[in-house]
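Please read the structure below before turning to the comments.
The values are calculated or read from the model by the stated rules, or taken from the named source; none is laboratory data. Please read these numbers as outputs of a predicted model, since none were measured by experiment. Please note: Cβ atoms are built from the backbone with ideal geometry, for glycine as well, and neighbour counts cover all protein chains shown. Note: accessible area is taken over every heavy atom of the protein model, side chains too, but ligands, DNA and RNA are not part of it. Shrake-Rupley method; radii C 1.70, N 1.55, O 1.52, S 1.80 Å.
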Amino acid sequence: MIGSEVLKILETAAAIDGDFKVFGASKHKYRLNAPVSADFVRNAQEQYGFTLPEDYFRFITEIGDGGAGEDYGLYSFKEYITKNNPGYEKERQGLKLPLEIRPMTDEDGKYSGLAPEFFKSNREKCFFDPHYYDDDNDGFSDGCLTLGTRGCQYDFVLALSGEHRGRVFDIDNEGGFVLIADSFEEFYSRWLDKISNVDRLKGQIEFWTNLRKH
C-alpha cells in the first residue's frame with residue numbers, strides 16, 4: 001500500500017460521508033493517526049519478545065498508527081503498548097506466546113458465538129482456542145494482537161506466531177476464530193476497496209440513515 005493513495009481514498013470517503021452515517025465512521029472519521037516511529041515498535045518487540053508481520057509494521061510506521069478502518073477502526077499500537085493497565089500488561093506478555101488454535105469441531109461450535117448456519121458452510125475458516133479460558137489467559141488468546149473491535153463481543157486480531165502468522169481473524173468472546181484475510185494488507189485493502197466504491201458507499205450511507213430512523 002502507498003500512503004498517499006490510502007489517504008486520498010480516506011479523504012474522498014470523508015467528503016462523501018460527511019456526516020459519518022456509516023457504522024463506526026463517527027468514531028474514526030476516516031482519519032488515520034500519525035505513524036509511530038520504527039524505533040518505538042522495535043523496542044516494544046524486544047521488550048515483549050514478539051515480531052510484527054512486515055506489512056503491519058510498515059503500515060503503522062509509514063502510513064498511520066490506528067484510526068480509520070473497518071467498523072470502529074484500528075487501535076493504536078503505541079497506545080496499546082503504553083497503556084498503564086494490568087489487563088493490558090497481561091495481554092502484552094502473551095504476545096510472545098504461541099497462538100494455539102485448532103479447526104473448530106461441532107462441539108466447539110456449540111459454545112462459540114458463531115451462527116450455526118455460518119459454521120456449517122464455512123468450516124474451513126473456523127477455528128477455536130481451547131486455552132481461551134485457562135487461568136493464565138482469563139478471556140484472551142495468546143499470540144495475537146487485537147487490531148480493533150466490531151462492537152459487542154466481536155473483535156478482529158492479527159496472528160503473530162505459528163502456522164497462521166500474519167493472518168487476520170474475527171474472534172468472539174467464547175474462543176471462536178474466523179479467518180477473514182491472509183494478511184493485514186489484504187484485510188485493509190479490502191476495506192479501502194469498499195469505501196472507494198462510490199455507489200456502494202452511498203448505499204451504506206442510505207442504509208444506516210434509514211435504519212436509525214426506525
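So here's what we get for this one:
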quantity	calculated
Rounded to the nearest 20 debye, dipole of segment 50-111 from Cβ charges on Lys, Arg, Asp, Glu	320 debye
Cβ-based charge dipole, segment 20-63, positive-most Cα from Gln47, Ile63, Phe20	Phe20
Relative contact order of segment 80-204, pairs being alpha-carbon contacts under 8 Å that are 6 or more residues apart, as %	22 percent
FRET E, pair Glu107, Glu62, Förster distance 41 Å, beta-carbon r, rounded to 0.05	0.40
Distant alpha-carbon pairs in segment 73-214 (separation over 21 angstrom), percent	50 percent
The chain, helix-only ellipticity at 222 nm - DSSP H runs n ≥ 4, -39,500 (n - 2.57), divided by all residues, nearest 500	-11500 deg cm²/dmol
Virtual spin-label span in nm between Val198 and Arg42, 7 Å along Cα→Cβ	4.4 nm
Environment charge of Thr51, counting only residues whose C-beta is closer than 11 Å and scoring Lys/Arg +1, Asp/Glu -1	+1
Pairwise label distance in nanometres, Lys125 with Phe23, each label 7 Å out on the Cα-Cβ vector	1.5 nm
Accessible area expressed per residue, segment 58-214, with surrounding protein chains retained (probe 1.4 Å, Å²)	52 Å²
Point-charge dipole on Cβ atoms (K/R +1, D/E -1) for the chain, about Cα centre, debye to 20	840 debye
Average Cα contact separation per residue, segment 70-146, under 8 Å, 6 or more apart, as relative contact order %	38 percent
Where labels lie 7 Å past Cα in the beta-carbon direction, separation of Ala15 and Thr146 in nm	3.6 nm
Share of carbon and sulfur in the accessible heavy-atom surface of segment 1-157 [1.4 Å probe, %]	48 percent
Top positive-direction residue, dipole computed over segment 109-214 with Cβ charges, set His131, His164, Ser196	Ser196
Protection-proxy order for peptides 70-76, 46-52, 161-167, each taking the mean of Cβ atoms within 10 Å per residue, highest first	70-76, 161-167, 46-52
Interchain or long-range residues, amide H under 5 Å from Phe128's placed H	Arg102, Met104, Phe177
Relative contact order (%) - criterion: Cα under 8 Å, at least six apart; region: the chain	21 percent
Farthest toward positive dipole pole in the chain [+1 Lys/Arg, -1 Asp/Glu at C-beta], among Tyr72, Asn122, Trp208	Trp208
